[in-house]
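All remarks here apply to the structure that follows.
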Amino acid sequence: MKIASKIGKESSITFSGLLYGNLNRYIYTAMLARWVGPEFLGIYSLANAVVLLSEVIAKMGIETGVVRYIGMLSLEDDYEKIKDIILSAFKMVFIFSISIMLISLLLSDYVALTIFNGSILLKQAIIIFSLTLPFNCLTLISAHATQGFKLLKYKTFVTQFIKPTVLFASAFFMIHFFSKDLTILVPMVATSLVGFLCMSYFLNKIIQIKPTIYLQGSFNYDLLKFSSPLMFVSILQTFMHWMDILMIGYFLDAEAVGYYQPAVRTAGLLQAVLLSFLSIYTPMISQFFKEQNFEKMSKIYKMVTRWLILSSLPIAIIFLMFTEDLMALFGSQYVASSNILAILTIATFFQAVFGVAAPTLSMTGHTKLVLYNTLSVFVINLLLNSFLIPMMGPVGAAFSTLISLILIGIVRVIQVQYILKINFFSIKLIKPFVASGITTTLLLIVKSYIVNFNVVLTLLLATLICLGTYLILMWVFRLEKEDKEFLKGLKIIRENLFND
């Protein structure tokens, strides 16, 4: 299969899952905001942030190493090597996750009551969420192992279809039959267990590894050596992702976090575009680098960046022009956070534009450079938050994220250009920006006619007008050759979704 078609097939499978998963989580956050209110939503967000950070430490960056090492091997020719890598990853991550889980349980009182000045419910949430660590970590190793085979449908199905569905369904059940407390506690446990069982089944289907032998592997020090710098990268990136939430909780309170979280969740929908492409881009760039095929590396780097920009622009337009309507979905009290959404949307768009550079550096072996980059932007973001949140409140956190993401994006792009001699600049990028400019102008003209409708209807009409106009303009500007190959990948999905 041609490169563009392969990317089209696998990234579209991932995007479909991410679209469903993120929309499901988005609706879940919106319903949770209405069901339990800002304070309980803030408690849920803080506990989730603390445990996700613990999860990243427990994984030790090994999931990225698994993708890279498996991506360089063939399932038919290197079956035993691949099996050893996966079993080694399972054993190491299980030991690390149990250790981090115990530490989290011991520190739950201090974190909840001292650092965040929270309630007993926050402590309970941290404890219960921490118990899911081993299951979540093993699930992610299984998912990344299947990604290393350049098969994204299993990872996508479990992480983006099954888990979000279980999360929403269990929360819906808890709020209607039990209490607010259980509504923010039980769904995380149910999601963790179901995800582990499903991902274990699919991994066993591919390479015949059952959960009963997960701990039979040996320590693979090469895998650990490659992955350990990425652990610190992942820690810093996760902390960066949740730093706004954590520092708002530290400087302000859980209720302020509750008002900030819906804006984060909404802007985060834009990340689905980036993640869908990176899932297949990562193992492919690893393969081309092993082959020392810099021509293909340059081609795929330009191609994926262009598609990221092309796909992100219409979403960003909607988010920026209808911020108040989007926030109103969570309840009228959240409309005040619309300016936060606008800032975070711009930040997330730049993250998508520059997003291919980071995995390019990682998959070509420059893990220490990635670590230094991430550490630098982490310090910058920490300092900005420490200064801007006390002065500006949650808006200051949003500005900190915007500045940090633009800085690190530019630095990574320059490094890829300097080290690997490849860049994403192309005259082909003009077309989507021209199309988005015309689309924005049209939306500005019709906005006054549709904003007085019901919020859902307004957003639906705006989306149809935006996407319709944008797609027509891109068709008028004519598709590139690789775009047609990309669309062939979409056709393959329709014809043969569950076969490879």
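The values are calculated or read from the model by the stated rules, or taken from the named source; none is laboratory data. Here the structure is a predicted model, which means the values were calculated and not measured. Please note: Cβ atoms are built from the backbone with ideal geometry, for glycine as well, and neighbour counts cover all protein chains shown. Calculation scope for accessible area: heavy atoms of the full protein, side chains included, ligands and nucleic acids excluded. Shrake-Rupley method; radii C 1.70, N 1.55, O 1.52, S 1.80 Å.
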What's the number of the condition I300 fails, among (1) under 30 Å from I317 (Cα atoms); (2) out of contact with any Ser or Thr (no Cβ under 9 Å at 6 or more places or on another chain); (3) open to solvent by 10 Å² or more (accessible area, probe 1.4 Å)?
(3)
Out of all the residues in the stretch 60-70, which are open to solvent by less than 20 Å² (accessible area, probe 1.4 Å) and in a helix (DSSP H, G or I)?
I62, E63, G65, V66, V67, I70
Cβ-Cβ distance below 6 Å, separation of 6 or more or different chains: which pairs start in the stretch 284-304 with a residue that is at negative phi and end on one that is open to solvent by 40 Å² or more (accessible area, probe 1.4 Å) and assigned to a helix (DSSP H, G or I)?
F288/K296
Matching residues, the stretch 136-174, being open to solvent by 20 Å² or more (accessible area, probe 1.4 Å), assigned to a helix (DSSP H, G or I) and within 23 Å of M72 (Cβ to Cβ)
L140, H144, K153, Y154, K155
Looking only at the stretch 90-106, decide whether some residue is buried (at least 19 other Cβ atoms within 10 Å of the Cβ), of a type in the set (K, R) and either in contact with a Phe, Trp or Tyr (Cβ under 9 Å, 6 or more places away or on another chain) or more than 22 Å from S234 (Cα to Cα) (or both).
no
Residue that is surrounded by the fewest Cβ atoms within 10 Å (Cβ to Cβ) [pool: residues in the stretch 23-59 that are closer than 27 Å to L106 by Cα and small (G, A, S)]:
A49
Given the criterion modelled with pLDDT of 75 or more and either of a type outside the set (A, V, I, L, M, F, W, C) or closer than 26 Å to T364 by Cα (or both), identify the matching residue among I445, I422.
I422
Could you check, for the stretch 276-284, whether at least one of its residues is in contact with a helix residue (DSSP H, G or I) (Cβ under 7 Å, 6 or more places away or on another chain) and open to solvent by 40 Å² or more (accessible area, probe 1.4 Å)?
no
Wholly within the stretch 198-304, helices (runs of 4 or more DSSP H) carrying at least 2 residues that are within 19 Å of S142 (Cα to Cα) and within 25 Å of the chain's Cα centre (by Cα)
221-251, 271-290
In the stretch 398-424, residue least open to solvent (accessible area, probe 1.4 Å) [restricted to those that are within 17 Å of G355 (Cβ to Cβ) and hydroxyl-bearing (S, T, Y)]:
S404
Output the residues belonging to the stretch 126-135 that are touching a Ser or Thr at 6+ places or on another chain (Cβ under 9 Å), under 20 Å from V111 (Cβ atoms) and in a helix (DSSP H, G or I).
I126, I127, F129, S130, L133, P134
Among residues of the stretch 317-336, those that are in contact (Cβ under 8 Å) with a residue 24 or more places away in the chain and open to solvent by 10 Å² or more (accessible area, probe 1.4 Å), counted
11
Going through the stretch 425-467 one residue at a time, which ones are aliphatic (A, V, I, L, M), open to solvent by less than 70 Å² (accessible area, probe 1.4 Å) and either at positive phi or in a helix (DSSP H, G or I) (or both)?
L429, V434, A435, L442, L443, V446, I450, V455, L459, L461, A462, I465
For the stretch 121-135, the count of residues that are open to solvent by less than 20 Å² (accessible area, probe 1.4 Å) and modelled with pLDDT of 90 or more equals 7
